[in-house]
Amino acid sequence: MHIMEGFLPSPWWQIWFIISAPFVIMGFYALRKLVRENREALPLLAVAGAFVFVLSSLKLPSVTGSCSHPTGTGLGAVLFGPFIASVLALIVLVYQALFLAHGGISTLGANLFSMGVAGPVVAYAIFIAGKKFGINEYVTIFFAAALANIVTYVVTSLQLALAFPAEAGGFMASFIAFGAIFAITQIPLAIIEGLVIALVFKYIIQLKPEILIRIGVITADRAAKLREGWA
Amino acid sequence: MKHGLEIIVAVVLIAFAAIFLIQNAAIQANLAEGDEPWGGADGAAANYIEEMGYEPWANPLWEPPSGEIESLLFALQAAIGAFVIGYVFGTWRGSKRTSS
């Protein structure tokens with residue numbers, strides 16, 4: 001999902017900076033609120049951030065014969081909402097842009113939008129919808145994290161297709177070409193990411209359900225049921 | 001089932017590894033001289049764009065001088081994350097044990 005340094009022409013890189021900026025600003029406000037009101041949730045925040053660090057450092061081989069990475073943003077989005085997940089993604093993207101030449105400073109806005117905004121927003125929406133309809137939390141978290149991953153790469157394909165429409169076929173032809181590079185590679189990785197994050201959620205439920213209840217991720221009633229087993 | 005989720009994760013990971021091995025054998029068998037399989041999708045997209053005749057207008061400020069150093073920095077990134085996760089989960093587990 002990293003669009004490399006200099007690979008987005010003007011005006012696209014500026015546009016994506018402008019679109020992403022409000023999410024990061026909202027994220028810093030949300031973080032300040034969290035730090036003031038829920039200090040005991042900070043270790044959980046550290047875990048969510050650390051997850052993005054670990055998962056986005058793993059480049060996994062996929063069925064298409066190329067390698068790509070999970071994003072890890074689904075966990076942060078489900079636990080703390082999409083704005084805080086944007087900030088977590090920003091930290092990782094800056095690290096990778098500065099030290100690894102993965103992504104870049106000029107493309108930071110675009111990469112942040114795909115990984116730190118679009119993915120987390122989808123994950124959060126799925127989790128909220130699942131809660132509303134009373135679907136098992138492990139199932140919703142699996143889909144939230146897996147789709148956050150896929151959506152990230154679909155958005156990257158979209159961003160590149162907008163900036164580089166094909167001469168023959170225009171935007172759609174280009175979108176399909178970039179989608180073939182990114183999105184298909186991503187499907188098996190998304191499944192693994194969804195499962196791993198569901199597993200981590202299980203351990204959080206077992207060790208510190210009170211934090212999840214306090215920040216409103218699940219009700220006390222559901223936490224007690226999930227601790228006993230699947231339901 | 002107490003460990004149902006763990007079992008599912010383990011089965012999927014094994015299946016993923018098996019698919020990789022089979023796929024890799026097929027790719028290695030048809031590999032042209034000098035081709036490198038299992039490159040990054042990010043690089044593949046960049047190549048595709050460069051084939052369209054686009055020249056990137058900026059270069060990374062700093063690039064890892066070799067593949068080894070790049071993998072060092074990736075490993076460092078993973079290690080920082082793994083340390084934090086282990087520390088927090090360990091603290092929670094420890095405090096739960098002493099309080100109960």
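Scanning the stretch A:208-231 for residues that are surrounded by fewer than 18 Cβ atoms within 10 Å (Cβ to Cβ) and either within 11 Å of chain B (Cβ to nearest Cβ) or aromatic (Phe, Trp, Tyr) (or both) yields A:Glu210, A:Glu228, A:Gly229, A:Trp230.
Rundown of residues vs (1) in contact with a helix residue (DSSP H, G or I) (Cβ under 9 Å, 6 or more places away or on another chain); (2) farther than 19 Å from A:Leu93 by Cα; (3) assigned to a helix (DSSP H, G or I); (4) modelled with pLDDT under 90, yes/no style:
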{"residue": "B:Gly53", "(1), (2), (3), (4)": "no, yes, no, yes"}
{"residue": "B:Asn59", "(1), (2), (3), (4)": "no, no, no, yes"}
{"residue": "B:Ser71", "(1), (2), (3), (4)": "no, no, yes, no"}
{"residue": "B:Val88", "(1), (2), (3), (4)": "yes, yes, yes, no"}
{"residue": "B:Thr91", "(1), (2), (3), (4)": "yes, yes, yes, no"}
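Can we say B:Thr98 is surrounded by 12 or more Cβ atoms within 10 Å (Cβ to Cβ), over 21 Å from A:Tyr95 (Cβ atoms) and β-branched (Val, Ile, Thr)? Answer is no for this residue.
Tally the residues that are closer than 16 Å to B:Pro37 by Cα, within 17 Å of the chain's Cα centre (by Cα) and either among the hydrophobic types (A, V, I, L, M, F, W, C) or not assigned by TED's automatic domain parsing to the domain that holds B:Trp38 (or both), restricting the search to the stretch B:13-27.
We begin by selecting, within the stretch B:13-27, every residue closer than 16 Å to B:Pro37 by Cα; these are B:19-27.
If we keep only those that are within 17 Å of the chain's Cα centre (by Cα) as well, we get B:19-21, B:24.
If we keep only those that are either among the hydrophobic types (A, V, I, L, M, F, W, C) or not assigned by TED's automatic domain parsing to the domain that holds B:Trp38 (or both) too, we end up with B:19-21.
Matching residues across the stretch B:13-27 total 3.
Within the stretch A:151-176, being farther than 19 Å from A:Ile15 by Cβ and within 13 Å of another protein chain (Cβ to nearest Cβ) holds for A:Tyr153, A:Ala166, A:Glu167, A:Ala168, A:Gly169, A:Ala173, A:Ile176. Does B:Phe20 qualify as being part of a helix (DSSP H, G or I), at pLDDT below 95 and surrounded by 15 or more Cβ atoms within 10 Å (Cβ to Cβ)? It is true that B:Phe20 is part of a helix (DSSP H, G or I), at pLDDT below 95 and surrounded by 15 or more Cβ atoms within 10 Å (Cβ to Cβ).
The set of residues in the stretch A:1-44 being among the β-branched types (Val, Ile, Thr) and part of a helix (DSSP H, G or I) consists of A:Ile15, A:Ile18, A:Ile19, A:Val24, A:Ile25, A:Val35.
The values are calculated or read from the model by the stated rules, or taken from the named source; none is laboratory data. Since the model is a prediction, treat every value here as computed from it, not as a measurement. With ideal geometry, Cβ positions are generated from the backbone for all residues, glycine too; neighbour counts draw on all protein chains shown.
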